[in-house]
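Take a look at the structure below.
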Amino acid sequence: MILSRQKVLSNIYHWIIRVCTLQLFLTFFSLPILIAWGLPLSLLTIFGNIIMVPFLSIFLFLSSCIFFTEFFYIPNNWLIFLCEYTTDFWMFILSWHPTYCLYGFKRPSLFIIIIMGFLFLIVYYFFIRHMIPIQRLFILLSFLIILMMVNHLWSKNLTGFFEISCNNGTVILVTDHGKTMLIDPGCIARNASAASWVEHTLAPFIIKNTGSLHIDYFIILQPRQRLFEALIKLLSTISIKTLIMPSVSQSKLAYNANYISCIDRIKHTNGTIVENIPHDIMLTEHRFCQIKKPLGYKNHRSHSWPKNIILNYYNQKIEIKPPLAKSKTQYLKTIS
């Protein structure tokens, strides 16, 4: 009985080692693609894959049964119900993932990404694959930790000013020594597919150029229902520490479900909501965003746009204007 128990434990131990080693190998193999596309690396990937295998087997079995029952005209409502229930339960599990379990990499040049991939394959083929399983696991895990540390040291000293084209306008991204500021003059909400643009364009752009999965200051000049619908998508990957916007307490937007959900998610991650924008916001000692006048206003209708803001970028001053009611023009103007 004791020998049988020890054998079971030994099998479980070796199975865990093999699974972890395989997952780390696949992580390194796919890492250049994730970095190139601006996708974050999930630190819970190994647990997700272990859980996914039985769910995927059940889903494929049910899908096959549904196909054949449809082909032979056999009633299959209960199979469809089970398949939908399995899918909903899996999506419910996926919604649990916290943003702090994601890790973003600053994208280097494409040449360096390709060299990284080839070097990993060469090192693994000639050295790592000849080691015993526990040694392979230790070496791969050490390489991943070192790579994350190097990326962190590189990202925290970055400085940059980026203009992201959006609906014939420009969304501003400023990064300075690990601090990130995003300014939306009102461009994002003008797109009917704002949520898709934020998820597939804005979030990868931020990750690729900053290596950061949080925004220290997100300044909104024109709050709109569609914008907060898009922010829900952004918050699934990137957290917002401080959301700064004009007050909407006297408008219908304050009772909008997307707005309430977005605010709750920000507060749930210890974020702060600041209404009636203060006079100036210090990003670091090197640059700051200065507000000419407080941007509080009673509503957000077309005749009540907030004031302009001035972004001091070293020796350059950039005026950021909200768009006109029926205009899609460039909102950026260099003053000096």
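State all residues of the range 7-46 that are surrounded by 15 or more Cβ atoms within 10 Å (Cβ to Cβ), more than 14 Å from residue 103 (Cβ to Cβ) and hydroxyl-bearing (Ser, Thr, Tyr); if no residue qualifies, say none.
Answer for the range 7-46, where residues must be surrounded by 15 or more Cβ atoms within 10 Å (Cβ to Cβ), more than 14 Å from residue 103 (Cβ to Cβ) and hydroxyl-bearing (Ser, Thr, Tyr): just 21.
Over 26 Å from residue 239 (Cα atoms) and surrounded by 13 or more Cβ atoms within 10 Å (Cβ to Cβ), is that true of residue 49?
Working: over 26 Å from residue 239 (Cα atoms): no; surrounded by 13 or more Cβ atoms within 10 Å (Cβ to Cβ): yes.
No.
Only one of 35, 58, 114, 80 is among the aliphatic types (A, V, I, L, M), under 21 Å from residue 152 (Cβ atoms) and either in a helix (DSSP H, G or I) or modelled with pLDDT under 90 (or both); which?
Numbers: 58 fails: under 21 Å from residue 152 (Cβ atoms); 114 fails: under 21 Å from residue 152 (Cβ atoms); 80 fails: under 21 Å from residue 152 (Cβ atoms).
Exactly one residue qualifies, and that residue is 35.
Is it the case that some residue within the range 216-236 is modelled with pLDDT of 65 or more, under 30 Å from residue 153 (Cα atoms), part of a loop (DSSP other than H, G, I, E, B) and assigned by TED's automatic domain parsing to the domain that holds residue 186?
Checked the range 216-236: at least one residue is modelled with pLDDT of 65 or more, under 30 Å from residue 153 (Cα atoms), part of a loop (DSSP other than H, G, I, E, B) and assigned by TED's automatic domain parsing to the domain that holds residue 186.
Looking only at the range 3-42, how many residues end up being touching a residue at least 60 places away in the same chain (Cβ under 8 Å) and over 34 Å from the mean Cα position of the chain (by Cα)?
Here is the first cut: in the range 3-42, the ones touching a residue at least 60 places away in the same chain (Cβ under 8 Å) are 14, 17-18, 20-21, 24-25, 27-29, 31-32, 34-42.
Then drop every residue that is not over 34 Å from the mean Cα position of the chain (by Cα), which leaves 14.
Going through the range 3-42 one residue at a time, the tally reaches 1.
Just checking, does the range 139-149 include any residue being closer than 25 Å to residue 203 by Cβ and in a loop (DSSP other than H, G, I, E, B)?
Within the range 139-149, none of the residues are closer than 25 Å to residue 203 by Cβ and in a loop (DSSP other than H, G, I, E, B).
Only one of these conditions is not met by residue 86: (1) in contact (Cβ under 8 Å) with a residue 24 or more places away in the chain; (2) of a type in the set (Val, Ile, Thr); (3) farther than 30 Å from residue 268 by Cα. Which number is it?
In the conditions (1) in contact (Cβ under 8 Å) with a residue 24 or more places away in the chain; (2) of a type in the set (Val, Ile, Thr); (3) farther than 30 Å from residue 268 by Cα, residue 86 misses (3) alone.
Per-residue answers, yes or no, for (1) in the same structural domain as residue 268 (by TED's automatic domain parsing); (2) at negative phi; (3) surrounded by 15 or more Cβ atoms within 10 Å (Cβ to Cβ); (4) at pLDDT 85 or above:
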| residue | (1), (2), (3), (4) |
| --- | --- |
| 53 | no, yes, no, no |
| 94 | no, yes, no, no |
| 98 | no, yes, no, no |
| 107 | no, yes, yes, yes |
| 130 | no, yes, no, yes |
| 138 | no, yes, no, yes |
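The values are calculated or read from the model by the stated rules, or taken from the named source; none is laboratory data. Quantities reported herein were computed from a predicted structural model and do not represent experimental measurements. Cβ sites come from the backbone with ideal geometry, for glycine too, and all protein chains shown count toward neighbours.
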